[in-house]
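> Shown below is the structure under consideration.
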């Protein structure tokens with residue numbers, strides 16, 4: 001009789017643990033994305049928008065702090081397992097703890113989303129950005145950038161990937177920004193203003209416009225402050241000038257390649273991108289790689305994106 005009672009108690013305990021575990025799993029979209037390598041076939045069963053929550057779930061596990069009141073903040077705050085880091089310093093208290101497996105899963109999810117966009121079937125169409133909807137908000141934001149305070153209409157400015165007219169230039173060397181559309185700016189470096197704007201392909205481009213060409217009319221007075229830290233890539237990756245929408249490729253960088261780390265920037269979706277300088281086809285080029293791929297030669301705990309003056 002005693003043995004029966006013990007067995008019954010043990011079964012109740014096991015069932016309770018299993019039920020609690022099952023409930024916890026149901027609180028996640030993919031409960032084991034931190035311990036298992038995901039596959040393309042399982043991810044393509046999710047729609048475009050859901051995949052955004054799935055890759056942010058990776059960072060939320062580590063206490064990533066999302067934009068207050070935004071869609072991800074509201075979603076993850078409703079889950080008992082989510083404990084945002086108290087300092088709001090994602091770069092210090094979150095990103096160093098994201099494992100390589102988690103970064104690999106994150107990149108795969110991003111690639112599936114990019115594929116949806118490339119075939120015109122995102123399953124949740126975020127709509128092509130149009131000038132009437134600029135400046136972008138919510139998901140389509142990038143740290144450090146603000147709408148320019150003033151801009152003349154129909155001013156067409158050449159756009160370079162780095163602050164110099166000999167640097168690499170997108171759109172087959174013809175990249176231009178028309179100030180009749182939306183323009184966001186971050187600050188000045190050596191007579192060049194760092195901006196982003198919508199391209200005709202429906203993405204965005206981050207690049208520099210020259211004061212000599214009329215960029216001084218865009219009403220931004222801040223100066224850029226970057227880290228300029230020598231670093232090497234731990235794995236091969238793609239360099240892009242569009243970390244927000246299409247992730248269009250400038251060039252592919254090999255493992256071990258030497259770059260200059262400038263800053264880490266975050267999008268409104270919560271993903272992190274390292275802004276770096278390197279060369280492509282013999283030209284200086286700046287662009288973005290997914291954060292977490294660099295072997296930094298010095299401690300950059302306090303390095304980052306900023307302004308002066």
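> Could you let me know the centre-to-centre spacing of the stretch 194-220 and the stretch 163-186, using Cα atoms, in angstrom?
5 Å
> Rounded, prolate or oblate: which fits the stretch 131-224 when a ≥ b ≥ c are the square roots of the eigenvalues of the alpha-carbon gyration tensor, with rounded for a/c under 1.5 and prolate only if a/b beats b/c?
rounded
> With labels modelled as points extended 7 Å from the Cα through the Cβ direction, what inter-label distance (nm, one decimal) is found for residue 232 paired with residue 77?
Reported label-point gap for residue 232 and residue 77 is 4.4 nm.
> Report the calculated FRET efficiency for residue 99 and residue 211 (r = Cβ-Cβ distance, R0 = 45 Å), to the nearest 0.05.
The formula returns an efficiency of 0.55 here.
> Let me ask something else. Over all distinct Cα pairs, what is the inverse of the mean 1/r for the stretch 13-118, reported as the Kirkwood hydrodynamic radius in Å?
For the stretch 13-118, the Kirkwood estimate is 14.8 Å.
> In Å and from the alpha-carbon atoms only, list the Rg and Dmax of the stretch 196-273.
Every Cα atom of the stretch 196-273 included, Rg and Dmax give 14.8, 41 Å.
> Another one. I'd like the distance separating the alpha-carbon centroids of the stretch 29-95 and the stretch 238-289, in whole Å.
23 Å
We did not get these values from a lab; they are worked out from the coordinates using the rules stated. Every value quoted in this text rests on a predicted model; they were computed, and no experiment measured them. Positions of Cβ are backbone-derived with ideal geometry, glycine not excepted, and every protein chain shown enters the neighbour counts.
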